[in-house]
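Take a look at the structure below.
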Amino acid sequence: MPQQSRDDHLTADANRRRKPRASATAGVATLQANALPPDDATLREFMADLYAAMSMMRLLRQEIASALSLSSAEYSVLLAVWYLEREGEMTVRAIADHLHVAAAYVTSEVARLVAKGLLTKRPDPVDRRAVGVGLTEAARQLFERLGPMLRNVNSPLFTGISYRDLQIVHRFVRNIIEHGYDSIRAAQAVGAQAIGADGGTRRKPRRPVR
């Protein structure tokens with residue numbers, strides 16, 4: 001086979017492999033996703049891409065945090081304080097709710113950021129049991145440098161994505177957060193049955209690290 005013909009053949013073959021397979025439920029766009037069979041082609045392609053995107057976002061956050069000499073956890077908390085400042089809710093509880101993590105997790109990261117001179121802690125003026133958190137001048141200067149960096153990061157990341165697209169994906173992600181633990185409990189129930197049949201001991205699930 002001539003070289004050009006062979007190259008064209010290989011390119012076409014690669015394109016065919018990359019093309020998603022037709023879903024067994026193609027043509028039923030109104031079907032709810034939770035009604036799809038587990039082996040549905042569209043669902044399997046979506047889940048594979050979702051996990052890949054999650055890994056990519058974790059790596060991206062690590063790179064941004066590293067550029068600021070912070071851990072990913074420290075960066076997440078500092079970014080949350082920066083955002084919540086405009087809402088006037090800069091308490092440990094508000095940060096934990098925003099990040100969907102335990103308050104103890106936030107408390108430990110806040111302590112590290114205080115030690116680095118990026119956050120301050122004070123009693124909340126409304127609720128004395130709560131701990132108020134604030135940005136230091138050093139943190140504000142850091143965010144002045146971070147703004148252009150995030151614009152450069154977001155430009156390729158969201159290429160071809162409309163604001164409407166962002167809202168749809170956000171709704172999907174919020175739904176995962178809201179119902180994810182129901183799915184975890186379902187998986188645990190199946191695991192408990194399988195392990196129980198073998199006479200083993202079920203391990204407690206570890207909370208995901210952000």
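Taking the range 102-195, which chymotrypsin sites (Phe, Trp or Tyr not before Pro) meet the DSSP loop condition and have no more than 15 other C-beta atoms within 10 Å?
Here the sparse-neighbourhood loop sites are PHE158.
Within the range 39-62, name every residue whose backbone N is under 12 Å away from a label modeled 7 Å from Cα of ILE176 along the Cβ vector.
Backbone N within reach: 46-58.
What length, rounded to one decimal in nm, is gained on full extension from ARG61 through to ARG129, with 0.36 nm per residue of separation minus their alpha-carbon distance?
Using 0.36 nm per residue and subtracting the Cα-Cα distance, I get 21.3 nm.
Work out from phi, with θ = phi - 60° and the Karplus expression 6.51 cos²θ - 1.76 cosθ + 1.60, the ³J(HN,Hα) of each residue of the range 99-115, listed in order in whole Hz, and give x for Gly and Pro.
8, 6, 10, 6, 4, 4, 4, 5, 4, 5, 6, 4, 4, 5, 6, 5, 4
Rg and Dmax of the range 98-167, Cα atoms, in Å?
Calculated on Cα positions, Rg and Dmax stand at 16.5, 47 Å.
For the range 40-159, what class follows from the C-alpha gyration tensor (a ≥ b ≥ c being the square roots of its eigenvalues): rounded when a/c is under 1.5, otherwise prolate if a/b is larger than b/c, else oblate?
prolate
Since every read-out is calculated from the coordinates, none of them should be taken as a lab result. Just so we're clear, the structure is a prediction, and the values are computed from it rather than from any experiment. With ideal geometry, Cβ positions are generated from the backbone for all residues, glycine too; neighbour counts draw on all protein chains shown.
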